[in-house]
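The values are calculated or read from the model by the stated rules, or taken from the named source; none is laboratory data. Treat the numbers as computed from the prediction; the structure is a model and nothing was measured. Cβ coordinates were reconstructed from backbone atoms using ideal geometry, including for glycine residues, and neighbour counts include every protein chain displayed. We work out accessible area using only protein heavy atoms, side chains counted, and drop any ligands, DNA or RNA first. Shrake-Rupley method; radii C 1.70, N 1.55, O 1.52, S 1.80 Å.
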Amino acid sequence: MDKKIKWGIIGLGKIANKFAADLLLSKASTLYGVASRDTNKSKDFYEKYKAVRYYNSYEELANEPEIDIIYIATPHSFHFENTMMCLKKNKAVLCEKPIGINSEQVKAVFEEAKSRNLFLMEAIWTRFIPATEKLIELLNNNAIGDVLFIRADFGFKANYDLKNRIYNKDLGGGSLLDIGIYPIYLSLLLLGIPTDIKAMARMTKTKVDGYCSMQFNYMNDAKASLESTIEANTPTTAYIYGSKGQIELHSPFHHTQKITILKNGEKEVLTVKYKGNGYLYEIEEVNKCLLNKATESLKVPPSLSIDLMSVIDRVKKEIGLTYKI
Ligand SMILES: NC(=O)c1ccc[n+]([C@@H]2O[C@H](COP(=O)([O-])OP(=O)(O)OC[C@H]3O[C@@H](n4cnc5c(N)ncnc54)[C@H](OP(=O)(O)O)[C@@H]3O)[C@@H](O)[C@H]2O)c1
């Protein structure tokens, strides 16, 4: 039988549940171990997703010799310490986005992984979904000519609850790090690193950005207009305007299943379905890398995560957003 990759998950919240459900769809994966800060929660999760084992702490899971890779699904502010802890126990890691709270942390985790020859990837799952592959194919085939400007937003109305990470500054709260990262990632994928960044935010009473508006300018004069908010439900669509036509990534654009191309007065609508919750494609990429003994994915390499956080840091500076570290 082909070797299966044995996964461990730490931080058993909302995304861990969705991810675990998709791990069960992956023939190349075994959900080996799960760990929470609370053993009862670990046990419930282990039963729900039929894991092989559960543990009393994150460290105990990271000490498990059977586990090949650990998926970190804790709030942003713990990604650095959790990733470092797992790497120092010589475990490969897939860490939720953002992989650190600033550029120093992001560079440090990748240096640690490199020094140990370990696989490490930020969970930019949207890169692997079929619609993103289709979008890249369309642009490579010059479907809309040169990209002139893009517009993308991501907004949802979150409950004001400081037990939840979204408004809580100590847990890395605010829209930029949580969801602004998606339109920024799209801009990076399509246009690269901006030369100029302008940004404005509406800060919450907890001193995180409730709304963030960003304007990026590029060397070739292309532009990106991006927004994120945790204070209102916004369309969450992306439009890519080119010299010969335009593409709409329908809501929710970051894991869309519908793409519309408008060109020469004609409209083409493509349906691009994904399985499960959409995380399977990222999971299979990681499995493939580990089976091939690769220490990075070519689609979401360390340089991408470093560039992404360098852009986010520039936006943070523009809007006066800081986090304690
Ligand atoms: N890829 C995606 O689509 C996606 C979607 C949503 C979120 N995310 C990312 O995934 C991460 C987790 O998001 P989530 O929505 O799953 O959050 P969540 O529901 O709040 O879960 C986070 C988990 O982290 C653990 N944790 C450790 N220390 C904690 C602390 N001091 N306070 C609260 N929780 C703590 C808890 O697990 P235990 O109690 O089990 O220890 C908690 O259940 C975030 O960084 C977010 O950016 C990604």
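Taking the Cβ of LEU191 as the center, what net charge do the other residues with Cβ under 15 Å away carry, scoring Lys and Arg +1 and Asp and Glu -1? Taking every other residue near LEU191 into account, the sum is -1. Just to confirm the filter: which trypsin sites (Lys or Arg not before Pro) across the range 1-89 are DSSP coil and have at most 13 other Cβ within 10 angstrom of their Cβ? Answer by residue number: LYS3, LYS27, ARG37, LYS50.
Counting heavy atoms of the protein chains alone, SER57 has an accessible area of about 40 Å² for a 1.4 Å probe. Solvent-accessible surface of protein heavy atoms, probed at 1.4 angstrom with all chains present, puts THR126, THR295 in the order THR295, THR126, largest first.
Backbone phi angles across the range 114-131, fed through the Karplus curve with coefficients 6.51, -1.76 and 1.60 (θ = phi - 60°), yield HN-Hα couplings of 5, 5, 9, 6, 10, 6, 8, 9, 7, 7, 7, 4, 5, 5, 9, 5, x, 5 Hz in residue order; Gly and Pro are listed as x. Straight distance only, please: which aspartates and glutamates reach the Cα of LYS273 with their own Cα at less than 20 Å, same-chain residues fewer than 8 apart left out? Result set, ordered by chain and number: ASP22, GLU133, GLU137, GLU248, GLU282, GLU284, GLU285. Work through the residues other than HIS79 whose Cβ is under 10 Å from its Cβ and net out their charges, Lys, Arg +1 and Asp, Glu -1. Combined, the nearby Lys, Arg, Asp and Glu give -2.
Which of rounded, prolate or oblate describes the range 95-190 when judged by the alpha-carbon gyration tensor and an a/c cut-off of 1.5? The shape class here is oblate.
Tell me the net charge near ARG151. Cut-off is 14 Å between Cβ atoms, ARG151 excluded, with +1 for each Lys or Arg and -1 for each Asp or Glu. That sum, taken over residues with Cβ under 14 Å, equals -2.
Taking Cα atoms only, the orientation of helix 302-319 departs from the longest principal axis of the chain by about 60 degrees. Between LEU24 and ILE136, the simple spin-label model (points 7 angstrom out along Cα→Cβ) gives 3.0 nm. Counting only protein heavy atoms and using a 1.4 Å probe, the accessible area of THR74 comes to about 10 Å². Database remark: amide H of GLY155 closer than 5 angstrom to the amide H of THR229, THR234, THR236 (H placed geometrically; neighbours at sequence offset of 5 or more, or on other chains; Pro and chain starts carry no H). Per-residue surface analysis assigns MET309 an accessible area of about 10 Å², computed on protein heavy atoms at 1.4 Å probe radius.
Would you mind getting the accessible area per residue of the chain, heavy atoms of the protein chains only, 1.4 Å probe, in Å²? Before the final figure, lay out the partial values.
Working: 14730 Å² over 325 residues.
Heavy-atom SASA per residue in the chain reads 45 Å².
Between rounded, prolate and oblate, where does the range 197-239 land on the alpha carbon gyration tensor, with a ≥ b ≥ c its root eigenvalues, rounded for a/c under 1.5, else prolate if a/b exceeds b/c? Oblate is the answer for the range 197-239, as a/c is 1.5 or above yet b/c matches or exceeds a/b.
Going by accessible surface with a 1.4 Å probe and the largest first, TYR54, TYR160 read TYR160, TYR54.
Here's how it looks for TYR71: its modeled amide H is under 5 Å from those of GLY8, ILE9, ILE10, LEU94, which are all 5 or more places away or on a different chain. When ASP146, ASP2, ASP22 are compared by accessible area at a 1.4 angstrom probe, the order from most to least is ASP2, ASP146, ASP22. Between THR237 and ILE193, the C-beta separation translates, for a Förster distance of 30 Å, into a calculated FRET efficiency of about 0.80.
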